[in-house]
Amino acid sequence: MQVGYVLPSVGRDLRLLEIAIKSVLEQPCESSLVIVSPENANSVHKIAREYNLPVIWDRSIGVPAAFNLGVEYLESKGVDYFGVLGEDDQLLPNSTINLLKAFKDETVQAAVGQIWYINNKGEIVFHNRAFPSLLPILHLIPNVIPHPGSLCRISVWKLVGGFDQKYKFASDLDFWLK
């Protein structure tokens, strides 16, 4: 099972970007990472080179397009499962392995794990593992599926048409509802 992560970045906080990158690269299983960034984000490109990571230029058409560009890239590399991170997100140790266990059941299309919310100092603010109990009312509340805590089959991403670019601020919620 091959897994990859997409990380759109404009270089808002390079310290947090590096933490996000390291959290993927330190997973105890093979995980690939692609950064999607504007062509003029030189500091992001420099960090990507330091970690020998591919960068795709996002042509400044928004986060949903960046997600789609990254997933398309991963698919071209033979990756089966994807997750996305914000430049201020990080994976918990072993989170990729734990999420991949769910896909042993071929009927599973996506997996969501526990989420730890941290402040800008990296301190834990609170812990959320309420997602399964929220399924019946998901359509009534804001996006409760933070991407760093999820993996999805790329085949499902293709089936639903990826992230809809017309929903600039809710493409992820729209994707999960589909």
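Accessible area ranking (1.4 Å probe, heavy atoms, ligands and nucleic acids excluded), largest first, for Ile47, Ile61: Ile61, Ile47. In a DSSP loop and with at most 15 other Cβ atoms within 10 Å, the GluC sites (Glu not before Pro) in the range 1-56 are Glu26, Glu30, Glu39. Pairs spanning more than 29 Å between alpha-carbon atoms, out of Lys77/Lys121; Lys46/Lys104; Lys121/Lys158; Lys46/Lys166; Lys101/Lys178: Lys77/Lys121; Lys46/Lys104; Lys121/Lys158; Lys46/Lys166. When Lys166, Lys158 are compared by accessible area of protein heavy atoms, the largest-first order is Lys166, Lys158, using a 1.4 Å probe.
The values are calculated or read from the model by the stated rules, or taken from the named source; none is laboratory data. Treat the numbers as computed from the prediction; the structure is a model and nothing was measured. As a convention, Cβ positions derive from the backbone with ideal geometry for all residues, glycine included, and neighbour counts pool all protein chains shown. The area values use the complete protein model at the heavy-atom level, side chains included, leaving out ligands, DNA and RNA. Shrake-Rupley method; radii C 1.70, N 1.55, O 1.52, S 1.80 Å.
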